[in-house]
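Each remark here refers to the structure printed beneath this line.
Read the figures in this text as sums done on the coordinates, not as results from a lab. Bear in mind that the values here come from a model prediction, so they are computed numbers and not experimental data. Cβ atoms come from the backbone with ideal geometry, glycine included; neighbour counts cover every protein chain shown.
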């Protein structure tokens, strides 16, 4: 095992060139897995869309090849490649080989790309850096310009020749690099989904998808209006309406004004529901300020209508957005010359002025819609009140069946240091039970917040096989875990009265993953958590909801790649391979979870595609029960006898290096 190097002034390193992306792709693309690879494609597509939105090109062609490579072709002006006097470099070098270089920094000054997807000058260069290879063909100014890159480095410079072809545009073909991303085979359904969404919000722009000699076309002549009609089908409660407006303002008094284009299409339905937000053509999966404005505007105006027209029963509570969205088909598409995204993946926006503008825009147009369509709003109001009263009746029924202590989301949210996830779909939600606050911090930075939640346990929890129920149900850590699980307990006595009876319908998770350090203390904490589940909620184990997360024991790093070994056998296998390839390497024992870097934590422990989980199953149930009772129960003499007889086997196998 290599000695740990000292940490001094020479330990600080600065990543250069392509390594800034290749070493840490998650910083730019959101992850180094398939989702990050998908986002790298969207970065290239975005540039072509921005060109078309500026009025250059009416068609974009995407080709998916069987080897994982991708091609995007547009018919825009073509990327400038000539010499840039102000930067004293060629533009092709700046655009393809320099992060934070691009033509979209003056969007609020009346220059190119007023309403662009691209903002930061990162996407094209970062995708080039993260590619096994990239081939570029640029047609402009009567010339064909060709570039070739390999593993983030240019090969051969710019090659140009004159042509009589009047066609202009950019064609980029590249293959994402498996040395950068853990997976590069983007499913065809992803391309279909993205191109359909872009056709919806870029009306009149034709998108073609080519794959296996098949060509699919995505085209919406009237954009979001056609899409809402398509979703609502033949029998909506109200007609499809479309509103648009242009606003100008600023996020703060000391900032400059910028323009915002707002549009939305919606109708009401008693059969389908859909709410989607787009900004500068990007699908806002997490919404941000458009979602906030929508909820406030619709609740405010619909509540006012119900109240002013005597639609509520006496002492009836106010309508909520969940009642409205149950019958709403709504799509918004906005554009702005300045945009603040949550991060580079552009899944939510945060501009305060866009929120104010959209709130006023929606309120104003809803008021007009209500005045001009009295018969339709009557039907809508009736349906929304049905939604509301049905929900309230169902909630009341659930409260009568369950104890509110477990069933209340508010109580779960009050649990100290519990970090929930966004998804409400139980089939996707995962709960990581981690060891201590440091592991909580590492997992929180590494997780996918869409479906992964975390709760830390503080130290070694109570041994539930040696403790009385009185003591167990007073233990704060155990009480918090039971509340977060949501399914109650399989214990009926006076001490468990605060908790509901065990019911899998109340379980809030698809997977319960115990995640502890790969050392003696970690194994003990893991065992104590399993013991708690075994005694209080054995049904979770019987039904296969409980998992153990494996942490690697060794990190083996070469100049280009890091390998993880989960046991001695894997370590030996990796070392043999590297020795055969004559690669130098450094090997270290893995750190505790709290010391891991986020990208390593994601890859080894949390990413569903690359992590290793052990499913805890009820096989050999009687034998397992006897072993639990022997090792963790009150039979002290039996435990001593077992250790004296068999302990030497475990000592001889221990890693004492």
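Using square roots of five times the C-alpha gyration tensor eigenvalues, list the equivalent-ellipsoid semi-axes of region 527-587 in whole Å, biggest first.
39, 10, 9
Most tightly packed first, judged by the mean number of other beta-carbon atoms within 10 Å of their residues, the peptides 556-568, 268-280 read 268-280, 556-568. Sequence-distant contacts, meaning Cα pairs under 8 Å at least 6 residues apart, place the relative contact order of region 231-346 at 36 percent. You can think of it this way: the chain between residue 307 and residue 188 has 37.9 nm of extra reach, that is 0.36 nm per residue less the Cα-Cα gap. Each label point was placed 7 Å from the Cα along the Cα-to-Cβ direction; for residue 360 and residue 498 their separation is 5.0 nm. Computed on region 406-551, with alpha-carbon pairs under 8 angstrom and 6+ residues apart, the relative contact order is 27 percent. Between residue 85 and residue 65, the contour length at 0.36 nm per residue exceeds the Cα-Cα span by 3.3 nm. For region 406-551, DSSP calls about 5 percent of its internal beta bridges antiparallel.
Put the Cα centre of region 498-565 next to the Cα centre of region 144-185 and the gap is 45 Å. Packing around the peptides 596-604, 219-227, taken as the average count of other Cβ atoms within 10 Å per residue, puts them in this order, highest first: 596-604, 219-227.
Taking 7 Å steps out from each Cα toward its Cβ at residue 469 and residue 154 produces label points 7.5 nm apart. Label-to-label distance for residue 213 and residue 520 is 6.6 nm, based on points extended 7 Å past Cα in the beta-carbon direction. In whole angstrom, how far apart do the alpha carbon centroids of region 56-80 and region 350-396 sit? Using only Cα atoms, the two centres lie 41 Å from each other.
Can you give the direction-averaged projected area of the convex hull of the alpha-carbon atoms in region 406-551, in nm²? Before the final figure, lay out each step's value.
Details: hull surface 32.2 nm².
Directional mean of the projected Cα hull area for region 406-551 stands at 8.1 nm².
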